Amino acid sequence: MRGSRIRRRLTSLAAIVVLSGGSVTRSAPHTASMADSVVVVRYQSTILAQERELIIHLPRGYDAVHRYPVLYVLDGSSQDQALADKLDSLYGERAVPQAIVVGIPNMSGSNRTFQLVPPFMRTDPENPDSPLGTGDRFLEFMEKELIPFIDAHYGASSTRLFAGNSRGGLLVLYSLVQKPDLFTGRFCFSTPLWRENNLLIARVSTFLRSRSIPNSFLYVSAGANETANILSGLDSLAAVLGNAAPSGVDWHVERTPGVDHQLNAAVSGWSALRKWGGYTARSAMVPPN
């Protein structure tokens, strides 16, 4: 963590931001004085019937008047800080634009088990009788509560990104099928795409062949030292994208040399964000229709 980064936990009545039942109680507006900081807020979700923590990384020199892309990161408190630091470093090279990063902690093991899995997939691939996931409900929470909250209280642009590691990657890829317009960029690290005989890959293939989708960015990676199942799923998805992805989808599938499941996201995150930065720069040069 950079020495200049200030962690601010909004827990006092003078600085708390809460959403409950669709109304916002807020007594401390965000200003440029909160630049280069990490803000932690508690958010009461009606859809999930849960209080959730949000870890909001504001970019260096944050100005509330400016509009920034927003990267939503699953497994918050585990995955978000590394991506925020990479974005900051790459911005220094002018390889990416500045962005707000929103880490979404799971809050419990049960939440991760159910909420990061699509509703047509079992939560335990080894148990065919295990419950189905509730990822559809979690995406509804993001679309109808979380994203509007961030848009209302921070300098968010219309560019939204979504990142997930391991099980979280299932939800990120599922969002392409379920809500293709919700995000303009997606990052899936070390995702168990092989589960249930490549079921999610089959859904992606059907989706890509059956309808037009908006221009977007997709990055998927796995470590070269990961399991055969992980790597076979990665290769299967690459084949589907190669055959069915429309020209407007800028997709990248990579094996990260020399790393395993534990290290892949940390290592390949550099490549993922650099490629997204290139995509963003190219898109900016294309005139509107």
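At a glance:
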item: Output for the stretch 210-231, where each listed residue is part of a loop (DSSP other than H, G, I, E, B) and among the polar types (S, T, N, Q); result: 212, 215, 225, 227
item: Residue within the stretch 237-260 that is closer than 14 Å to residue 118 by Cβ, buried (at least 18 other Cβ atoms within 10 Å of the Cβ) and not basic (Lys, Arg) present; result: no
item: Filter result for the condition that a residue is basic (Lys, Arg), surrounded by fewer than 20 Cβ atoms within 10 Å (Cβ to Cβ) and closer than 22 Å to residue 166 by Cα, over 112, 42; result: 112
item: Residue within the stretch 241-257 that is assigned to a helix (DSSP H, G or I) and of a type in the set (A, V, I, L, M, F, W, C) present; result: yes
item: Residue that is crowded, with 19+ Cβ neighbours inside 10 Å and without any contact (Cβ under 8 Å) to a residue 40 or more places away in the chain, where the choices are 127, 106; result: 106
item: Filtered residues of the stretch 166-197 (kept if surrounded by fewer than 24 Cβ atoms within 10 Å (Cβ to Cβ), touching a residue at least 40 places away in the same chain (Cβ under 8 Å) and farther than 19 Å from residue 143 by Cα); result: 166, 167, 192, 194, 195, 196
item: Number of positions in the stretch 279-289 that are in a helix (DSSP H, G or I) and either surrounded by 15 or more Cβ atoms within 10 Å (Cβ to Cβ) or at pLDDT below 95 (or both); result: 6
item: Residue among 281, 265, 222, 238 that alone is of a type in the set (Gly, Ala, Ser) and in contact with a helix residue (DSSP H, G or I) (Cβ under 6 Å, 6 or more places away or on another chain); result: 222
item: Number of positions in the stretch 73-115 that are of a type in the set (Ser, Thr, Tyr), part of a helix (DSSP H, G or I) and over 15 Å from residue 134 (Cβ atoms); result: 2
item: Number of the condition not met by residue 202 [criteria: (1) in a helix (DSSP H, G or I); (2) touching a strand residue (DSSP E or B) at 6+ places or on another chain (Cβ under 7 Å)]; result: (2)
item: Neighbours by Cβ (under 6 Å, 6+ apart or cross-chain): first from the stretch 216-234, in contact (Cβ under 8 Å) with a residue 40 or more places away in the chain and more than 17 Å from residue 251 (Cα to Cα); second β-branched (Val, Ile, Thr) and part of a loop (DSSP other than H, G, I, E, B); result: 223/259
item: Qualifying residue in the stretch 138-152 (condition: aromatic (Phe, Trp, Tyr), assigned to a strand (DSSP E or B) and under 25 Å from residue 240 (Cβ atoms)); result: no
item: Check on residue 148, free of Cβ contacts under 8 Å to residues at least 60 places away in the same chain, more than 11 Å from the chain's Cα centre (by Cα) and under 27 Å from residue 68 (Cα atoms); result: yes
item: Residue in the stretch 67-88 that is over 21 Å from residue 170 (Cβ atoms), more than 19 Å from the chain's Cα centre (by Cα) and at pLDDT 95 or above present; result: no
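For every residue, the table says whether it meets (1) more than 24 Å from residue 283 (Cα to Cα); (2) part of a helix (DSSP H, G or I); (3) in contact with a Ser or Thr (Cβ under 8 Å, 6 or more places away or on another chain).
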| residue | (1), (2), (3) |
| --- | --- |
| 163 | no, no, no |
| 171 | yes, yes, no |
| 191 | yes, no, yes |
| 208 | no, yes, no |
| 233 | yes, yes, yes |
| 237 | yes, yes, no |
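The values are calculated or read from the model by the stated rules, or taken from the named source; none is laboratory data. All values derive from a computational prediction rather than experimental measurement. Virtual Cβ from ideal backbone geometry, glycine too; neighbours counted across all protein chains shown.
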